[in-house]
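Here the structure comes first, spelled out in structure tokens, and everything after it is commentary.
The values are calculated or read from the model by the stated rules, or taken from the named source; none is laboratory data. These numbers come from a predicted model, not from an experiment. Backbone-built Cβ (ideal geometry, glycine too); neighbour counts: all protein chains shown. Quick note on the areas: whole protein, heavy atoms, side chains included, nothing else; ligands and nucleic acids left out. Shrake-Rupley method; radii C 1.70, N 1.55, O 1.52, S 1.80 Å.
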Amino acid sequence: MIDLLPHIINGLTLGLLFALIALGFTLIVGVMEVINLAHGSLFAIGAYFALTVIAGSWFAGTPFGAWWLSLPLGLRYVLALAIGPALAGLAGMLLELCLRPTYGKPPLYGLLLTFGAALVIEELIRLIWGTGEQNLALPQAINGAFLLNGMIFSTYRFFAAGFSIAAIIAVWLFLERTSAGAVIKAGAHDSEMVRALGYDLARLRLVVFGFGAALAGLAGVVMVPIWGLRPHVGVDIVIPAFLIIVIGGVGSFWGAVIAALLVGLAIGITGAYAAAWSTMSMYLLLIAILGFRSRGLLGRKSALEH
Amino acid sequence: MISLSDIPARPSAWITPPMIALALLLLAAPDLLPAIGLYQYLGIEIAIWIGFALGFNLLFGYTGLHSFGHGAYLGIGAYAFGLFQHHVAVSLWGGLFAAVLAAGIAGALVGAFLSHRRGIYYALLTIGFGQIFWFLAMKLHRVTGGEDGLLGIPRPPLTLGPWQVALTDNRALFYFAAALLMIMVVLCWRLANSPFGRVLQAIRQNETRARFVGYEVWRFKWAVFTLSAMLAGLAGSLLAMAQQSAYPDVMSLHQSGLVVMMVLVGGGLVSFWGPVLGVVFYFVARDVLGGLTETWLFWYGLIFMAMVMLRPEGLAGMLHGLLRRGSRHQPSSARAPATEAA
Amino acid sequence: MALFEARRIHKRFGSRVVLEDISLAFEEGQISGIMGPNGAGKSTCFHVLTGQHRPDRGEVLFDGQRISGLPPQRIARMGVSRSFQLMNLFDDTVVIENVMLALPSFRERRLRAMSAVFSDRGLIDQALAVLDQVGLAARAWDAAASLSYGDRRALEIAVALAAEPRILFLDEPTSGLGAEATRRLAQLVRQLRERYTIVMIEHDMRFLFELADRISVIHWGQVIAEGTPAQLGDNKWVRRSALAEATHA
């Protein structure tokens, strides 16, 4: 059992990061009633821009570039943690604008549009950053490994887990304790009601999309050392995200978090026994869950059901 | 927006003018393509994908069941054909039969699971199953050759009684593929306008009412899924012959997504011929645009997004609109179809 | 024994009991009415009778056979047909196809994948005959979506008729119709009673009282009154509702 511990920790860490992605995803589904198949691409945008921010590659060879690289890696990493999600958020808002002609039409169109966007973004990433696997340079403080009780643990995973917990709490505080958050939460449950109360639904949608996208982008930055960085990475994320909100229930904050931890654990533990099959386990889990219980653990009837 | 059921509410002949046009184009293709700067092999690719897309549209456009994982059945057909040649016998008809059978069984199993679900659950489950098949193709190394693919698939000769034709030449294979395609076209057309096809469309339009007038909706959904998988399998066997190999990539979400995009852009949501236009448009874009710029897929994706936003009726729908506007001086209002011998 | 019976139907949604111990009987050849205020459970009752919902307790019988718990398509094929209040039409196609799809002779051919539908003169004539009954024969080849509201209501009923049912359930057929259209609908219902047993949910009390042979009043999930229009005229609740309707007229 103790042998499983690293895998369990890996799984939980993965789960916490999934939770960030799923939270953004479920807010978007709640307010927009759109399944954002491009959510993974927003994740990827965050990750790739972080790469650029840290490596400064776009400005290589210029005085600015040289000055940029002279900045401490830790500072560049922190900036990446801010800039990556911000740009992902912008991309999300742009996507929302593209979605507007599809509102009021059958859900197929929104789905197709986000699907197309996912492809376009992936191609764009391929064109700008190339098709190969990339790596993020990490500051010394969060890199490497440490010993505990005779076992080796990756420092980064602890950082990632801690960071995610902090981020999840921050999101919760935002949604529960601020008035902006309250509007977003309300919008996720009943957008018509929010409009009736006088809020500009169009602006709400834009903000929610941006916010959800930024969360995905944030997860993207943090997840690179764990999940890898290649153009296809976005697509690989959407299925777990969807799976999580189905299990946890659309519109449920803690449902998403708990379900994310479960999915992460599932992947982590299958990783212990059959590493090659761990990603497959997600799809099998999806089929098992959707085959038998479509409303999730804590969810209510949602736009997912027509 | 107009829709599929708009366009023909009239008695349908077995053979229609667009079919004849297609047949003539196919006939001329091996000479036509090089003449416009393209290459002969493209004809085979286009024929294969038209077949795949037509079968797919029975599910997607006609029945309104949105499968984003249909590339899996194309791939299964290809692998089944290849494995039959390698392990059973080098035989054209045997291979085709194996491909259709394998894809059909896979489709029937997945379809049985899927057909009770709707909407987004349906779509995401199809992605899930598609990814599983892709994954299996990648991992079952000993059977499928994994990432390297199943190689060395022969092109068995076509034997009809005493008559035998070699298909090793691209031109010959093309004509065989074109002939199969025309048969698929005729059958799909007939099906779309048959009682079975009309019920499928009824299910798309109003599943509840279809149920309340007595149809076993689940069975129809299952049947059309299986059928479209079988047609995909047939197209897959041609693919295996054309490439002389089978790879996992056709089962990927990327390729499954491509056929969805081709069908929408072409106008599969409103027209039987939408998939045909869509496939041709895609391949022309790929080879003409792709010759000009490496970023062609990016532009194609943008075109797709623009179409979804602005012209979801696709190329066929836009064409139909132009033609209707052009003939506005003719009384286009309701008239009963002529029921003389079609 | 009545053609169609509901015995001690009990239905709840979550913790809310919507129908409590409801028993109804509809005699063959009669027009039966169901009325009651909104939220009283008459829609749910209708859904249970026609197979859209399964009762938690109790049973529904058609011609002596138990139909509760059967899927709606089975029940429909047995000869129970219904129209919908929020119309359920095949909006992407022409009027005549809406009707054709419901014809039993069309349904028999549902597996024929190679024969052409619109070449079949017999089917077309059958469909036209049904459309004629509701006065839509002239619009047979128009798009269903292009019809006026009143005509769509008529089509909604036509589709239910096309199935050649033994019993016809009409869900608030006058919903949204003006005075003239309601009059025409009443005439249609009178014509239909010669061939079909009819059950109607209605809000329009005058319509219901004019046409129904027997009316059941559902309130608070129970049948609180039942009888001929004349008998019900003396009922306290009915009188109060009639007064309310008159002041709103």
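Things to note:
- GNM flexibility winner over chain C from C:SER81, C:SER119, C:SER23 (Cα, springs under 10 Å): C:SER119
- Other residues lying with their Cβ under 14 Å from the Cβ of B:GLU294 contribute a combined charge of 0, Lys and Arg counting +1, Asp and Glu -1.
- Taking a ≥ b ≥ c as the square roots of the eigenvalues of the Cα gyration tensor, the protein assembly as shown is oblate, since a/c reaches 1.5 or more and a/b is not larger than b/c.
- For chain B, a Gaussian network of Cα nodes joined below 10 Å ranks B:LEU319, B:LEU114, B:LEU234 by mean-square fluctuation, and the top entry is B:LEU319.
- Note, ³J(HN,Hα) from phi for the range C:96-111, Karplus 6.51, -1.76, 1.60, rounded to Hz, x at Gly and Pro: 5, 5, 3, 6, 4, 4, 8, 5, x, 5, 6, 4, 4, 9, 4, 8
- Chain A - accessible surface per residue (Å², probe 1.4 Å): 41 Å²
- Cβ neighbours within 10 Å from other chains - mean over B:219-226: 1
- Selection from A:LEU218, A:ILE121, A:ALA188, by position along the positive dipole direction of the range A:98-250 (Cβ): A:ALA188
- Projecting the Cα positions of B:HIS87, C:CYS45, A:ALA44 onto the charge dipole of the protein assembly as shown (unit charges on Cβ atoms of Lys, Arg, Asp and Glu, taken about the Cα centre) puts C:CYS45 furthest along the positive direction.
- Backbone HN-Hα couplings from phi across the range A:235-246 [Karplus 6.51/-1.76/1.60, Hz, Gly and Pro as x]: 4, 5, 8, 5, 4, x, 4, 5, 3, 5, 6, 5
- Only lysines eight or more places from C:LYS236 in sequence, or on another chain, were considered; those with a Cα closer than 29 Å are C:LYS11, C:LYS42.
- Solvent-accessible area, 1.4 Å probe, carbon plus sulfur percent, for the protein assembly as shown: 61 percent
- Chain B: calculated mean residue ellipticity at 222 nm from DSSP helix runs of at least 4, using -39500 (n - 2.57): -21500 deg cm²/dmol
- Interface size C-B, as summed buried accessible area [1.4 Å probe, Å², nearest 100]: 3400 Å²
- Magnitude of the charge dipole, the protein assembly as shown, Cβ model with Lys/Arg +1 and Asp/Glu -1, debye to 20: 860 debye
- In the full protein context, the range B:162-228 carries 32 Å² of accessible surface per residue, based on a 1.4 Å probe and ignoring ligands, DNA and RNA.
- Average beta-carbon neighbours from other chains, 10 Å sphere, peptide B:251-260: 3
- The calculated 222 nm mean residue ellipticity attributable to helices in chain C amounts to -10500 deg cm²/dmol, summing -39500 (n - 2.57) over DSSP H runs of n ≥ 4 and dividing by all residues.
- Largest-first ordering by accessible area, 1.4 Å probe, given options A:CYS98, C:CYS45: A:CYS98, C:CYS45
- Loop-resident trypsin sites (Lys or Arg not before Pro) (DSSP state other than H, G, I, E or B) in the range C:1-34 with no more than 12 further Cβ atoms inside 10 Å of their Cβ are absent.
- Exposed loop sites are taken as GluC sites (Glu not before Pro) in a DSSP loop (any state but H, G, I, E or B) with at most 16 other beta carbon atoms within 10 Å; the longest stretch of chain C without one runs C:29-193.
- In the B-A interface, the accessible area buried, summed over both sides, Å² (probe 1.4 Å): 3700 Å²
- If you run the Gaussian network model on chain A, springs between alpha carbon atoms under 10 Å, then out of A:ARG205, A:ARG177, A:ARG126 the most flexible one is A:ARG177.
- Loop-resident trypsin sites (Lys or Arg not before Pro) (DSSP state other than H, G, I, E or B) in the range B:151-219 with no more than 12 further Cβ atoms inside 10 Å of their Cβ are absent.
- Farthest toward the positive end of the dipole of the protein assembly as shown, out of B:GLY267, C:GLN187, B:GLY314, is the Cα of C:GLN187, where the dipole comes from beta carbon charges about the Cα centre.
- Accessible area expressed per residue, chain C, with surrounding protein chains retained (probe 1.4 Å, Å²): 43 Å²
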